[in-house]
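First the structure, in the form of structure tokens, and then the observations on it.
The values are calculated or read from the model by the stated rules, or taken from the named source; none is laboratory data. It should be emphasised that the depicted structure is a prediction, and the values quoted were computed from it without experimental measurement. Note that each Cβ is placed from the backbone with ideal geometry, even for glycine, and that neighbours are counted across all protein chains shown. In case anyone asks, the SASA skips ligands and DNA or RNA and just uses the protein heavy atoms, side chains included. Shrake-Rupley method; radii C 1.70, N 1.55, O 1.52, S 1.80 Å.
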Amino acid sequence: MEEVELSYGSAPTAATQARTEVTERLAASLGASVLEDVRLLVTELITNALRHGKLTPGDRVSVKASVDEDVVRIEVRDPGNDGDVAPREPGARGGGYGLYLVEQLAKRWGVDRRDGTVVWCELAPGTGR
């Protein structure tokens with residue numbers, strides 16, 4: 001099993017850093033189309049954590065991505081546990097695409113609020129857009 005676990009400060013650059021590092025580390029384990037889906041989902045989930053997680057200075061967001069023969073799993077954690085985590089229709093002025101894309105691309109996804117907020121999703125390693 002290939003696994004990556006990374007942590008970032010709650011800065012706007014966290015999504016870009018996570019996208020770059022996760023895809024670089026998983027590139028040898030995944031096909032191009034699945035890797036593109038992973039890249040997009042990591043970006044969207046980190047962005048959602050930063051935007052909706054009600055983070056305070058000094059808070060960190062983390063991403064964990066793992067690949068085995070049956071599943072690619074992505075988890076993004078933030079320390080808050082009262083932000084909204086619900087899909088909404090994408091708007092004409094932008095926004096609303098994060099969980100919409102998760103629903104479209106992942107075979108399963110969910111939320112765990114036992115220790116902060118973890119939004120996770122799973123993809124089949126041999127598929128992609």
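A few notes on this one:
- Within a Gaussian network of the chain (alpha carbon springs, distance under 10 Å), most fluctuating of PRO79, PRO12, PRO57: PRO57
- Taking the protein heavy atoms of the chain in the context of the full set of protein chains, the accessible area attributed to carbon and sulfur is 45 percent at 1.4 Å.
- Cβ crowding within 10 Å averaged over residues, with 46-55, 27-36, 64-73 ranked highest first: 46-55, 64-73, 27-36
- When the chain is described by a simple charge dipole with +1 on each Lys and Arg Cβ and -1 on each Asp and Glu Cβ, the residue from LEU41, VAL67, LEU6 located farthest towards its positive end is LEU41.
- Per residue, the accessible area of the chain comes to 55 Å², computed with a 1.4 Å probe over protein heavy atoms only.
- Label corresponding to P(r) over Cα pairs in 10 Å bins from 0, in percent when calculated from the structure given, among (1) 13, 48, 33, 6, 0; (2) 12, 39, 32, 13, 4, 0; (3) 13, 44, 32, 10, 1: (1)
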